[in-house]
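Each remark here refers to the structure printed beneath this line.
The values are calculated or read from the model by the stated rules, or taken from the named source; none is laboratory data. Nothing here was measured: the structure is a model prediction, and the numbers come from that model. Cβ coordinates were reconstructed from backbone atoms using ideal geometry, including for glycine residues, and neighbour counts include every protein chain displayed. Surface accessibility is based on the protein's heavy atoms, side chains included, excluding ligands, DNA and RNA. Shrake-Rupley method; radii C 1.70, N 1.55, O 1.52, S 1.80 Å.
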Amino acid sequence: MSYSFTENHIPGRKITFEGTEYLWLGGTNYLNIGSHPTFQEALAEGIEQYSQNFGSSRRNNLQFSIWEDFERALADYFQVEAAALCSSGLAAAQIAVQYAQQKGLTLNLAPQAHPALWRHPHTPFAGSYKDWISSHQKGQILASDGIGSPWINSFDFSFATTINPSDYLIVDESHRAGVQDIHIPCSGHLLQTVSLSKAFGLPAGVILGTAADIEEIKKDSFWVGSSPPNPAFCYAGLQSMEAYKEQNTKSKALADRFANNLKGFDAPVTYEPGYPAFCSKAPGLFEHLKSAGILVNHFAYPDITAPPVCRAILPACLTLADMDTITEAIKSYA
């Protein structure tokens, strides 16, 4: 079944649905950063300092240093040369793709690529990921998710070391950034885009790349004309870089416990060791988990006419004991 309900607060470890309390494995709040005291205090300070959103342009005569400060911090966090903040992850992906298209290159979308990377009339490659890689020709922009979502698939980016130096690889890292290493060796131009609203808990996006590419992007009218993210949230993010690392450590421990518990077991779920999420096409698993006190996502995405997707994350607010509860429920599915 697909379901919906309305809340008036961000959920943590548990949530109440239809009068019953459940472990909450829904959404994409991987690091549960909003419950961390450092983030909470920093956000309050940021709101006090900046008071409201600043709907302007990064070329406006009036600028806030927080944007460049946070960009440098993000570039350092992800070990890249430079970063360009955007208002959202979708804006970041669209700006990156449009920038690369201005080089006269053809867009070649990977199978099941997130709509953030689409540019009409281009649609994702219809074949396998391996066939998509083989379809690459000089003069193309290869665009792919860093990891599959909502269906979890890991991708081998080793081909990136063989692409033409003038070509672009654009990777939407929204579901890996902050919870997994996103480093990709690449012989061409690599741009990685991130929705910071997921692991980082911020209404913003960012483009990561070389200093030369980011400098050019910041001169592009599409980026110049877009609104910058809320400075109060950027302040909170900047002050919480160590808290993100702390939550990431918790996330890794949970993901490892989950994978170890299911090792050697023919589980009715798809997961990647070390990645804090799982999904399933097993009929009835959603209701089975629900009966065990575990509530996961179950809705059609991104095609709203498709069958509901059973998908769950393992947010950093959970405990190792919760991992045992979850994996025992999965194992008991028949």
What is the number of the single condition among (1) open to solvent by 40 Å² or more (accessible area, probe 1.4 Å); (2) touching a strand residue (DSSP E or B) at 6+ places or on another chain (Cβ under 9 Å); (3) over 28 Å from Lys245 (Cα atoms) that Glu18 does not meet? (2)
Within segment 81-110, track down each residue that is open to solvent by 40 Å² or more (accessible area, probe 1.4 Å) and of a type in the set (A, V, I, L, M, F, W, C). Leu90
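To keep it simple, each residue is scored yes or no on (1) more than 22 Å from the chain's Cα centre (by Cα); (2) open to solvent by 20 Å² or more (accessible area, probe 1.4 Å).
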position	(1), (2)
Gln140	yes, yes
Ser154	no, yes
Arg176	no, yes
Thr193	no, no
Glu215	yes, yes
Lys218	yes, yes
Ser221	yes, yes
Pro231	no, no
Gly237	no, no
Enumeration of residues in segment 300-316 that are surrounded by fewer than 22 Cβ atoms within 10 Å (Cβ to Cβ) and in a loop (DSSP other than H, G, I, E, B): Ala300, Tyr301, Pro302, Asp303, Ile304, Thr305, Ala306, Pro307, Pro308
If only one of Leu262, Leu208 is in contact (Cβ under 8 Å) with a residue 60 or more places away in the chain, out of contact with any His (no Cβ under 7 Å at 6 or more places or on another chain) and surrounded by fewer than 22 Cβ atoms within 10 Å (Cβ to Cβ), which one is it? Leu262
If you check Ser56 against the conditions, is it in contact with a His (Cβ under 7 Å, 6 or more places away or on another chain) and in a loop (DSSP other than H, G, I, E, B)? no
Give the number of residues within segment 270-287 that are open to solvent by less than 40 Å² (accessible area, probe 1.4 Å) and assigned to a helix (DSSP H, G or I). 2
